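Single-structure report; data block below.
The values are calculated or read from the model by the stated rules, or taken from the named source; none is laboratory data. None of these values were measured; they are calculated from a predicted model. Every residue, glycine among them, receives a Cβ derived from its backbone with ideal geometry; neighbour counts consider all protein chains shown.
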Amino acid sequence: MKNLLLTGIIGASLAVSCTTAKNAQANRAEFLKMKGDWEITSVDYDQKYRIKPFDEGADVNCFIGSHWRLIPNNWTGAYTLNSGGTCPTLTRPIKFEVVDGNTFQFKKIVDGTKAKQNTVGYTLTLLSRDTDQFSLQQQIPFEGETVRVVYHFQRTATK
C-alpha cells in the first residue's frame, strides 16, 4: 500500500512538473517574439498627476521616444532616454523576466552591481502584443489611489 501511494505521489509530481515546464516553455516562446529594438511611442495616464517612471527623476514625456532593447534568450536589455529640454541622456541596463505569460518584471542594473544583488524592480502587466507592437501597464500607488500608466511600444528593429 505504501509503495502504491508513493508511486502515485511521484507520478502526480512528474505530471505537474511537466505541465509547469510546458507552460513556462510556451510563455518563453511567446516572449522570444519580443526580441529586438523597441520605442515607446506614447504613454497614457491621468494628466492630473506628474509621473516620473522607474525612479529616473525624468518626466514621463522623456520616455516617449526612448529606445528599449530586449534580449529574451538571456533576459537582458537596456533602455535609453534621449536628452532634450529637461530630459537627461542615459542608458540603463536591465534584467527582466516574464511571469505567467502576462507579467513583465524588470530591474535596473546599476554600475558595479550584479542583477542578483539588486532586489528592487518594477512590475508591469502585458495588455496586448503582436509582432510589431505591445503595451505594458504599470499600477502606481499614490495617496491611497492607484495611478494607471500605459506604455505603448513599437518595434524599430529585430536583432
Item to complete: Could you check how many residues of the stretch 72-103 are aliphatic (A, V, I, L, M), more than 17 Å from residue 56 (Cα to Cα) and surrounded by fewer than 18 Cβ atoms within 10 Å (Cβ to Cβ)?
Response: 1
Discussion item. Just to verify a result, which residue in the stretch 108-130, among those that are polar (S, T, N, Q) and in a loop (DSSP other than H, G, I, E, B), is surrounded by the most Cβ atoms within 10 Å (Cβ to Cβ)?
Written reply: 118
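In the stretch 61-71, how many residues are surrounded by 18 or more Cβ atoms within 10 Å (Cβ to Cβ) and not basic (Lys, Arg)?
Number satisfying all stated conditions: 5.
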Discussion item. Tell me the residue from 139, 133 that is under 15 Å from residue 38 (Cα atoms), loosely packed, with under 15 Cβ neighbours inside 10 Å and either under 15 Å from the mean Cα position of the chain (by Cα) or acidic (Asp, Glu) (or both), please.
Written reply: 133
Practice prompt. Provide a single number: the residues in the stretch 42-51 that are surrounded by fewer than 15 Cβ atoms within 10 Å (Cβ to Cβ) and either within 15 Å of the chain's Cα centre (by Cα) or at pLDDT 90 or above (or both).
Written response: 2
